[in-house]
1. Given the options 34, 18, name the one that is over 14 Å from the mean Cα position of the chain (by Cα) and under 22 Å from residue 123 (Cβ atoms).
2. When residues of segment 4-19 are filtered for being without any contact (Cβ under 8 Å) to a residue 60 or more places away in the chain and surrounded by 15 or more Cβ atoms within 10 Å (Cβ to Cβ), how many remain?
3. Can you tell me which residues in segment 87-106 are of a type outside the set (Ser, Thr, Tyr), over 16 Å from residue 8 (Cα atoms) and touching a strand residue (DSSP E or B) at 6+ places or on another chain (Cβ under 9 Å)?
4. Which of the residues belonging to segment 107-136 are closer than 16 Å to residue 15 by Cβ and in contact (Cβ under 8 Å) with a residue 60 or more places away in the chain?
5. Do you know which residues across segment 31-84 are farther than 17 Å from residue 105 by Cα, of a type outside the set (A, V, I, L, M) and in contact (Cβ under 8 Å) with a residue 24 or more places away in the chain?
6. Among what's in segment 1-56 and is in contact with a Phe, Trp or Tyr (Cβ under 8 Å, 6 or more places away or on another chain) and at positive phi, pick the residue that is modelled with the lowest pLDDT.
7. When you scan segment 66-73, do you find a residue that is under 21 Å from residue 99 (Cα atoms) and at pLDDT 85 or above, even just one?
8. Just checking, which of 92, 72, 104, 96 is surrounded by 11 or more Cβ atoms within 10 Å (Cβ to Cβ), outside any strand (DSSP E or B) and of a type in the set (A, V, I, L, M, F, W, C)?
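The values are calculated or read from the model by the stated rules, or taken from the named source; none is laboratory data. Computed from a predicted structure; not experimentally measured. FYI the Cβ positions are ideal-geometry reconstructions off the backbone, even for glycines, and counts take in every protein chain you see.
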Amino acid sequence: MKFGTLRAIAHNVADSLGSGIGMLLGVYEMDVFGEAARNPQGFIRVDFLMGTATHGGVSPSLTDAIAKYRAALPELCAKHGASIDDFRELSARYFAAGLSRRIAVTIEDRNGPRPEHEYLGIPVRRAKVMDRLGRIRTNRRGSSR
């Protein structure tokens with residue numbers, strides 16, 4: 001499976017949870033960024049393959065939503081021509097500070113790459129960086145952890 005396809009699946013899942021609407025599940029209201037802001041560690045890590053959240057307490061409704069994302073993941077993968085077994089890791093850390101929203105998505109496939117891609121805003125988009133010539137570019141490189 002192409003890594004770009006796995007990255008697209010990961011982006012879709014992380015963005016759906018971060019949007020607060022949960023279109024992947026139908027319509028399901030949640031506030032992962034609000035809960036991350038109240039978390040003493042400043043973030044919530046979601047493991048989509050296990051359907052769990054770590055690093056701080058999460059509400060029962062968010063815990064339920066994350067479990068539903070795990071259940072919906074095989075169908076989403078199939079729509080992209082992939083399998084959930086193509087992932088070794090599919091996780092996202094949700095950060096909220098003031099009005100800033102940031103998601104760091106980590107993907108590992110069977111071949112071992114484990115880049116972390118950063119997305120900002122709602123809906124989430126790749127972070128913008130300035131190149132050496134002063135031009136604004138989309139940050140296309142994952143930053144390894």
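1. Numbers: 18 fails: over 14 Å from the mean Cα position of the chain (by Cα).
Among 34, 18, only 34 is over 14 Å from the mean Cα position of the chain (by Cα) and under 22 Å from residue 123 (Cβ atoms).
2. First, pick out the residues of segment 4-19 that are without any contact (Cβ under 8 Å) to a residue 60 or more places away in the chain: 4, 16.
Then keep just the ones that are surrounded by 15 or more Cβ atoms within 10 Å (Cβ to Cβ); that gives 16.
Qualifying residue count, segment 4-19: 1.
3. Residues of segment 87-106 of a type outside the set (Ser, Thr, Tyr): 87-90, 92-93, 95-99, 101-105.
From what's left, over 16 Å from residue 8 (Cα atoms): 93, 95-99, 101-102.
Those that are of a type outside the set (Ser, Thr, Tyr), over 16 Å from residue 8 (Cα atoms) and touching a strand residue (DSSP E or B) at 6+ places or on another chain (Cβ under 9 Å): 93, 95, 96, 101, 102.
4. At the first step, the residues of segment 107-136 found to be closer than 16 Å to residue 15 by Cβ are 107, 116-127.
Scanning segment 107-136 gives 107, 117, 119, 122, 123, 124.
5. 31, 34, 35, 59, 61, 68, 80, 81, 83
6. So, considering only residues that are in contact with a Phe, Trp or Tyr (Cβ under 8 Å, 6 or more places away or on another chain) and at positive phi, the one modelled with the lowest pLDDT is 56.
7. Going residue by residue through segment 66-73, those that are under 21 Å from residue 99 (Cα atoms) are none.
Checking segment 66-73: not a single residue is under 21 Å from residue 99 (Cα atoms) and at pLDDT 85 or above.
8. Values: 92 fails: outside any strand (DSSP E or B); 104 fails: outside any strand (DSSP E or B); 96 fails: outside any strand (DSSP E or B).
Criteria check complete, one pass: 72.
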